[in-house]
Amino acid sequence: MRELFHPDSAAFTFPYRVEYTHPRAVEMCAEKLTQALGPLSPGSELVCLCIGTDRSTGDSLGPLVGTMLEKTATPFLHIYGTLDEPVHAVNLRATLEEMRRNLKNPRIIAVDACLGHLQSVGSIQVGMGPLKPGAGVNKKLPEVGEVHITGIVNVAGFMEYFVLQNTRLSIVMKMADIISRSIQSVASRLQREVT
């Protein structure tokens, strides 16, 4: 789980936000993700690193996205972090080492839940640069990804662990569906371009 960008930054192209309830949320996220990733260089591999845990409703966004992608993704998209095998604070460094050993020139899309302002809850955010997992709950973890997607699942500012535990699963599931479908759309397009 990461800390949210300052709301004034929404005026720039990135980070880009869309409400999960928007009828074109999948297409809009996919479009911005495509812009953020740019073309894949020859020999690079596309990775989706989904961070979080299945032991907390709010923090399960990443593993839910990974599990949804596992059902539809082609071997072109490497997925780390699912409900069965979550990537979280305890094993993040080991997972990054495994990726370095097994993948050539990976382009990483990092996915995580975050807390934010009340008016931002339900927003999906696509951003350039690495994700800072754990920042919202004061954990020091490695930054990951060239591009990141976060879902603002609840309100920040007080008793973050308790807030994450008491986040509505309905919102998390719907956001995970939007995010996974947008990533799958981009991965399919990139695969066609490089093959």
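The values are calculated or read from the model by the stated rules, or taken from the named source; none is laboratory data. Worth saying up front: this structure is predicted, and the values here are computed from it rather than measured. No Cβ is skipped: glycine too gets one built from the backbone with ideal geometry, and neighbour counts run over all protein chains shown. With ligands, DNA and RNA removed, areas are computed over all heavy atoms of the protein, side chains included. Shrake-Rupley method; radii C 1.70, N 1.55, O 1.52, S 1.80 Å.
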Only one of (1) aliphatic (A, V, I, L, M); (2) open to solvent by 90 Å² or more (accessible area, probe 1.4 Å); (3) within 17 Å of T21 (Cβ to Cβ) does not apply to V126, and that is (2)
Expected output for the range 59-73 (first residue without any contact (Cβ under 8 Å) to a residue 40 or more places away in the chain and farther than 10 Å from Q184 by Cβ, partner of a type outside the set (S, T, Y) and open to solvent by 20 Å² or more (accessible area, probe 1.4 Å), Cβ below 8 Å, 6+ apart or cross-chain) is P63/D54; P63/L83; P63/P86; T67/L83; T67/D84; E70/I79
Next item on the list: For T34, indicate whether it is at negative phi and free of Cβ contacts under 8 Å to residues at least 60 places away in the same chain.
Entry: no
Those residues of the range 57-107 which are more than 20 Å from L40 (Cβ to Cβ), surrounded by fewer than 22 Cβ atoms within 10 Å (Cβ to Cβ) and small (G, A, S) amount to A89, A94
If we ask which residues in the range 158-191 are surrounded by fewer than 20 Cβ atoms within 10 Å (Cβ to Cβ) and within 15 Å of P63 (Cβ to Cβ), their number turns out to be 3
With criteria (1) within 29 Å of T13 (Cα to Cα); (2) surrounded by fewer than 17 Cβ atoms within 10 Å (Cβ to Cβ); (3) touching a residue at least 40 places away in the same chain (Cβ under 8 Å); (4) not aromatic (F, W, Y), L118 comes up short on (3)
Practice problem: Please tell me if K104 is farther than 30 Å from Q191 by Cβ and of a type in the set (K, R). | Solution: no
Considering only the range 163-173, I want to know if a residue exists there that is closer than 20 Å to V18 by Cβ, among the small types (G, A, S) and not in a strand (DSSP E or B). yes
Restricted to the range 143-157 and to residues being at pLDDT 90 or above and open to solvent by 30 Å² or more (accessible area, probe 1.4 Å), the residue farthest from V18 (Cα to Cα) is E143
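Of the residues T95, T82, only one is among the polar types (S, T, N, Q) and within 30 Å of P23 (Cα to Cα); which?
T82
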